[in-house]
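Q: Sharing a structure here in structure tokens format.
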Amino acid sequence: MEEARKFSILVVDDEKSNILVLMDILKPEYTVYAATSGKSAIEMAEKHLPDIILLDIIMSDMDGYEVITELKACEKTHDIPVIFVSGLSSAGDEEKGLALGVADYITKPFSPAIVKLRLGNQIKLLAQKNIMKEKLKSREIMLAALNRAASALLKAGDKETFRDLLLEGMEIIGRSVDADCVEVWQNEKKNGELKAVLKHYWFSETGQIIKSDSPVSCFSYSAVPQWENILSKGGYIQGPVSGLSQEEQDFLGVFKIKTVLVIPTFIQNRFWGFCCIDDCRKSRNFTEDEVDILRSGSYMLANAINRHVLASAIHDAEIAEESNKAKTLFLANMSHEMRTPMNVIVGLTDLMLDEEDPTINLTDNLMKISTAGNTLLGLINDVLDISKIEAGKLELTPVKYDVPSLLNDIINLNSMRIENKPITFQLDISENLLHSLYGDDLRIKQIINNILSNAFKYTQQGTVILGLETEQQGDDVWLSVYVSDTGIGIREDDVQKLFTNYGQVDTRSNRMIEGTGLGLAITKRLAELMDGEITAQSEYGKGSVFRVRIKQGFVNETRVGPVVSENLRKFRYAEDKNTIRKKLVRADFSFAKVLVVDDMQNNLDVASALLGKYKMQVDCALNGQQALERIKAGQPKYNMVFMDHMMPGMDGIETVNTIRSLDSEYARKIPIIALTANAIQGMAEMFHANDFRVFYPNQ
Ligand code: ADP
């Protein structure tokens, strides 16, 4: 045990003999300082800060009253108890002394027993005062810690910082009582049994080492039945583990705890769980003050966690509601968008059927029907794309492609979108643009078409510029595209929302402009699939710039060169391509016999008409059974079968399996091509595994 500190006494008397007597009495028990004048008494008191001063009243320079007055006036010596030593003992002197703050009187001549007794009394009082002071100090430290923990925990609202701040709060609480571990356990009812689950914990350095292999994170109250009883009623468990019941020792032994404090937490009067504060190094008792303060700390921890759970739930609910609203709006928009071209198709066909001479306006009407059909197909493709994206099943098909040809197709398609608007369309490319790249050209066209078509859609007059740049980096090429317009622009707040699913912004002023709000969400995901990104800058009312940067594969050093780039800039390249396309001659496959299997007569009509253009001999089957019979008959012998996937009765896969199992070389070998709209990732493998020869995604 630590040796008790010796108290110190300052003896003040101008009579040396008195000092010697007092020294004799006090030396064995105390550290004694002596002063023979009032002045030196004050100096020594300030220097040594003795625990008690024995002060003679009558002295030649300053008397005892003057000395005590000075001692009490000085901050350093103010609290030192002073005992007057005097031959005087009239009531008036005592009164005067007490008024000046004298603690006691000893009268001369000294009786050693009385001196020791009087001093002993003062020392006892001093010791008590010191204990109180210590207590107050540690309480103050803990309260300050609690305050700091509270401010950390009150800030612990948002998702990102919650864990850090909670841990900070737990650490402050743990360290304030020199604990190794603070744990927060939350009650849960599982199959009717009350359990507590470890939600959060903080370990000190020693706690970490000691606790590293204690994996328990669920506590069943049935393991220590009295705990539920004590804790649920607001009681607590504390003290050295060695002093607890055998059941408690068995349970706490797993955690390697020497001293434990378990405090229940209540939220809205409900027994919510408990906080465990452990000391893994020494056995001790937590003081009542500590328990009180830790109780507040535990309550704050539980509250912070609860607040956080509530806030997250509200946040999730808000997001779900927002996305629900966006989806509802999207569906409403979508049906409107689909109805418009459908009305054109149905209206014009009805009109043409009604006409006595159906050739009147035939080409004109068919053009309109074709445009409406294409718009509809575009919408459906967007919906398919977004659903593939949401299912994480959108995949790229990279090929080697030519940049001028890509640009030509984009310009061709988009220059029609200028309509009659006074818009100048410019192409910003340099002759150093790489000529060939490796990537999914169809998806790149989709990306550029999306942003370019928006530029034309949302611009009434001015300039739209499409810019392209390639920058080689080893085996990769960064393809940077920008589209700038002088259109209606986008509000600053809306720029953030642009790339979210179903996010059509500024719907009021765009009401007359078609669109579903899917384009940019798809574009962003496509760019990300190509290791790239899309950004937008806009000034409301002035115009916008969209930039896309995507990674492509390097093919060779060939550049576009001055002639092609100049032609592209003048859109002449496009014209050349058009004439080439117009001269397209279809191959003659009149020798080929094909069987088309589909349960929809319309699909059969379209397929036979398209194949008929190549002069093929086309037979049709409306279901798997019919197809099987035709193959079994062996007359005619088909060169190829086009097979729908989804059909009532035998579906495409069953039909192919049955055909392959027929006992003829012809049935086993005949090429069968899958026709399906179900063109998602993994389907090609599935069809091949089922003995289809070719997979033709019907998008
Ligand atoms: P939409 O099919 O509706 O055009 P997008 O996803 O392509 O869908 O665009 C989302 C929204 O972003 C549009 O509804 C429009 O409000 C805004 N937007 C996109 N591009 C532009 C642009 N160039 N100028 C102004 N607004 C634009």
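The values are calculated or read from the model by the stated rules, or taken from the named source; none is laboratory data. It should be emphasised that the depicted structure is a prediction, and the values quoted were computed from it without experimental measurement. FYI the Cβ positions are ideal-geometry reconstructions off the backbone, even for glycines, and counts take in every protein chain you see. For accessibility, only protein heavy atoms count, side chains too; no ligands or nucleic acids. Shrake-Rupley method; radii C 1.70, N 1.55, O 1.52, S 1.80 Å.
Q: Cross-link candidates for K135: which lysines have Cα within less than 23 Å, leaving aside residues fewer than 8 places away along the same chain?
A: Answer for K135, where 23 Å is the Cα cut-off: K6, K76, K124, K282, listed by chain and number.
Q: Along the three principal axes, how long is the chain when you take its alpha carbons, biggest first, rounded to the nearest angstrom?
A: If we take the Cα atoms of the chain, the spans are 145, 63, 52 Å.
Q: Suppose the chain between D663 and Y614 were pulled fully straight at 0.36 nm per residue; how much longer would it get relative to their current alpha carbon spacing?
A: 14.5 nm
Q: Quote the accessible area belonging to S608 in square angstrom, nearest 10, computed with a 1.4 Å probe and with ligands, DNA and RNA left uncounted.
A: 30 Å²
Q: Rounded to the nearest percent, how much of the accessible area of segment 1-93 (1.4 Å probe, protein heavy atoms only) is carbon and sulfur?
A: Carbon and sulfur: 53 percent of the exposed surface of segment 1-93.
Q: In this model, which of K497/K551; K47/K129; K195/K325 are farther than 28 Å apart at the alpha-carbon? List each step's numbers first, then the result.
A: Details: K497/K551 25 Å; K47/K129 22 Å; K195/K325 39 Å.
Too far apart for the 28 Å limit: K195/K325.
Q: So how tilted is helix 112-155 from the main axis of the chain? Cα-based, degrees 0 to 90, rounded to 10.
A: So the inclination is approximately 10 degrees.
Q: Another question, if that's okay. On the accessible surface of segment 377-456, probed at 1.4 Å, how many percent belong to carbon and sulfur atoms?
A: Heavy-atom surface of segment 377-456 belonging to carbon and sulfur, 1.4 Å probe: 51 percent.
Q: Put +1 on the Cβ of every Lys and Arg and -1 on every Asp and Glu Cβ in the chain; which of H315, L136, F425 then has its Cα farthest towards the positive end of the dipole?
A: Checked the options; the winner is F425.
Q: Suppose accessible area is computed on protein heavy atoms with a 1.4 Å probe; arrange T340, T31, T77 from highest to lowest.
A: Largest to smallest exposure gives the sequence T340, T31, T77.
Q: Moving on. For the pair D79 and K108, what calculated FRET efficiency results from E = 1/(1 + (r/R0)^6), where r is the Cβ-Cβ distance and R0 = 25 Å, to the nearest 0.05?
A: 0.40
Q: Follow-up. Which listed residue (V224, G120, V344) has the Cα farthest towards the positive end of the charge dipole for the chain, taking +1 on Lys and Arg C-beta and -1 on Asp and Glu C-beta about the Cα centre?
A: V344
Q: OK, next. Under 16 Å between alpha carbons: how many lysine pairs meet that in segment 585-659, if sequence neighbours fewer than 8 apart on the same chain are excluded? Don't skip to the answer; put the middle values down first.
A: Details: K593/K613; K593/K615; K593/K632; K593/K637.
The number of close lysine pairs in segment 585-659 is 4.
Q: Okay, next question. Which whole number in µm²/s is D for segment 397-465 by Stokes-Einstein, with the Kirkwood Rh taken over Cα pairs at 25 °C and 0.890 mPa s?
A: 189 µm²/s
Q: Pop a pseudo-label 7 angstrom from the Cα along the beta-carbon direction at both E533 and Q473 and give the gap in nm to one decimal.
A: Distance between label points: 1.2 nm.
Q: Report the charge-dipole magnitude of the chain in Debye, nearest 20, computed about the Cα centre from +1 at each Lys and Arg Cβ and -1 at each Asp and Glu Cβ.
A: For this selection, approximately 1320 debye.
Q: In what order, largest first, do D279, D409, D588 sit by accessible area if the probe radius is 1.4 Å?
A: D588, D409, D279
Q: Separate question: Please pull out the direction-averaged projected area of segment 55-193, using the convex hull of its alpha-carbon atoms, in nm² to one decimal place.
A: Details: hull surface 66.6 nm².
With every direction weighted equally, the projected area is 16.7 nm².
Q: Once you have the Kirkwood Rh of segment 247-334 from its Cα pairs, apply Stokes-Einstein at 20 °C and 1.002 mPa s and quote D in µm²/s.
A: Approximately 129 µm²/s, per Stokes-Einstein.
Q: Run the numbers for E566 and K116: contour at 0.36 nm per residue of separation, minus the present Cα-Cα distance, in nm.
A: Length gained between E566 and K116: 150.6 nm.
Q: Return the Cα extents of segment 178-286 along principal axes one, two and three, sorted largest first, each rounded to a whole Å.
A: 36, 25, 24
Q: Taking the 0 to 90 degree range and rounding to the nearest ten, how far is the long axis of helix 64-73 tilted relative to the main principal axis of the chain, both from C-alpha atoms?
A: 0 degrees
Q: Additional query: Cα-Cα pairs above 17 Å in segment 608-652: how many percent? Spell out each step's value before the answer.
A: Working: 367 of 990 pairs.
The answer is 37 percent, as a whole percent.
Q: Compute the Rg to Rh ratio over segment 1-116 from the alpha carbon atoms, using the Kirkwood formula for Rh, and round to two decimal places.
A: 0.95
Q: At 7 Å along Cα-to-Cβ for each site, give me the label-to-label distance between D493 and K190 in nm.
A: The two pseudo-label positions are separated by 4.6 nm.
Q: Still on this structure: Distance between the C-alpha centers of segment 397-466 and segment 115-179? Whole Å please.
A: 70 Å
Q: May I pose another question? Over the chain, give the accessible area per residue in Å² for a 1.4 Å probe, as an integer. Before the final figure, lay out the partial values.
A: On the way: 37990 Å² over 699 residues.
Roughly 54 Å² per residue, with all protein chains present.
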